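The values are calculated or read from the model by the stated rules, or taken from the named source; none is laboratory data. What you see is a predicted model; the values in this text were computed from it and never measured. Don't worry about glycine lacking a Cβ; one is built from the backbone with ideal geometry, like all the others, and counts go over all protein chains shown. Surface areas here come from the heavy atoms of the whole protein model, side chains and all, with no ligands, DNA or RNA. Shrake-Rupley method; radii C 1.70, N 1.55, O 1.52, S 1.80 Å.
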Amino acid sequence: AWILSVTYPDMLEHPPEGESTTLEEAAQIGREAGNLMVTVSIKCEQAHTLRRLGRLHEAKVLYEEALALAVDKRGRPYPIAGEALMGLGQLALEWNDLELAEDHLLAGIEKTLLWREIAAFSGYLLLAQLRQVQGDAAGADAIMEEARQLALRFDASEYDDLIVAAYRARLWIDQGKLDEVYRWAEARGLLDEDPVVQPVQAGEDYREMLRFYEEIVLARLWLVQGETEASLALLDKNLPRFEAWRRVRLLIEGQLLRAQVFIQRNDGEAALDALRQALSLGEPGEYRRVFIDEGEPIARLLSRLKPQNPGQQTYINSLLLTTPPSPLSTRPSQP
């Protein structure tokens, strides 16, 4: 559960009512007891919750507060500061500040390894994503292998192994390694007509959440292959659950994939409508990377939409500034 809350926050179920109040009460107890680790950890967990809900700027404030607390009398960060640094790195990556993201993630991993090795797991996955964004596919693969080896060393649950596999499959799609993606999907039972989810030790709820994320990866694969009906069916199946969980980033990604399905179907109005929904979700937190990573198809659609949405021109312009060629614009034949 801890790994999921940091690494795949959008896969967690909706936090129960009153969670933020409970966390704040626990943080106050930690402060009164002089327990720095408890206080910092709880502030980070509050920030994770806000990030899951799309409140990125509020999350940043809490990560910075946690980081300011996690220092000794000489101002040197304790190892527990690594969690706040990785959280700030994830925000910087989403806001497309790649240099700052790299600084935070590398520092966060270094600090966290001094505290608890498995706690660096999320940092490795985020760093792999950063390397991919930087165009360093080999570097991304190498870091994913480090994450895989780390997961293997901690065998209390196989859940972290499955997370690595799903995340690696997502990166493989962008790299055009579709043979590997198909093998992963087949091994996970995703290609079966009536797939059976293999049990994992982390529990029924997490097994279900993992499957939903895997199906979003599969929807992306079908999109690359031009299998629009299969892709749309998976997206429409999963988006209501993500909405119920209020998982903003997954909702944005799902709408952007839907937009590209409609682009392939030459249904421009449906594509624009999906994009409008993604923009409405993304603008309050100034999400960028999730849009930019979809490349040229979404960039062209944003250019079409901009004259119709004068109130969002500043936000749309920020998304158009650094849009790379999209892996979805090149569609290799199905293996």
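Miscellaneous remarks
- If you plug the beta carbon distance of E229 and E64 into 1/(1 + (r/R0)^6) with R0 = 45 Å, you get a FRET efficiency near 0.45.
- The magnitude of the dipole of segment 248-296, with charges of +1 and -1 set on the Cβ of Lys/Arg and Asp/Glu and taken from the Cα centre, is near 120 debye.
- An oblate overall shape is assigned to segment 279-319, the ratio a/c of its alpha-carbon gyration tensor axes (a ≥ b ≥ c) being 1.5 or greater and a/b not exceeding b/c.
- Potential lengthening between E145 and Q308 on full extension [0.36 nm per residue; Cα-Cα distance subtracted]: 54.2 nm
- Solvent-accessible surface of protein heavy atoms, probed at 1.4 angstrom with all chains present, puts R249, R148 in the order R148, R249, largest first.
- Here the extension length gained between N266 and R76 equals 62.7 nm, from 0.36 nm per residue of separation less the Cα-Cα distance.
- Near the amide H of V71, within less than 5 Å, lie the amide hydrogens of Y78, all on another chain or at least 5 residues away, with H placed in the peptide plane.
- Classification of segment 46-139 by its C-alpha gyration tensor yields an oblate form. The axis ratio a/c (a ≥ b ≥ c) is 1.5 or more, and b/c is at least a/b.
- Across segment 245-306, C-alpha contacts under 8 Å between residues 6 or more apart give a mean separation that, scaled by the residue count, equals a relative contact order of 38 percent.
- Part-to-part distance (alpha-carbon centres) for segment 150-179 and segment 54-76, which is given in Å: 30 Å
- Anisotropy class of segment 120-169 from Cα gyration tensor, a/c 1.5 cut: prolate
- Rg(Cα)/(2.2 N^0.38 Å) for segment 255-309, N = residue count: 1.01
- Efficiency of FRET between L321 and D273 - r from beta-carbon atoms, R0 22 angstrom, step 0.05: 0.35
- In this rough spin-label picture, where each label sits 7 Å from Cα along the Cβ direction, the D236-H57 distance is 3.7 nm.
- Residue-normalised accessible area of segment 37-83, expressed per residue, 1.4 Å probe, Å²: 44 Å²
- 3J(HN,Hα) couplings calculated from phi for segment 270-282 with the Karplus curve 6.51 cos²θ - 1.76 cosθ + 1.60 (θ = phi - 60°) are, in sequence order, 5, 5, 5, 5, 4, 5, 4, 5, 5, 5, 4, 6, x Hz; Gly and Pro show x.
- Assigned charges on the beta-carbon of Lys, Arg, Asp, Glu; segment 47-185 dipole about Cα centre (debye): 320 debye
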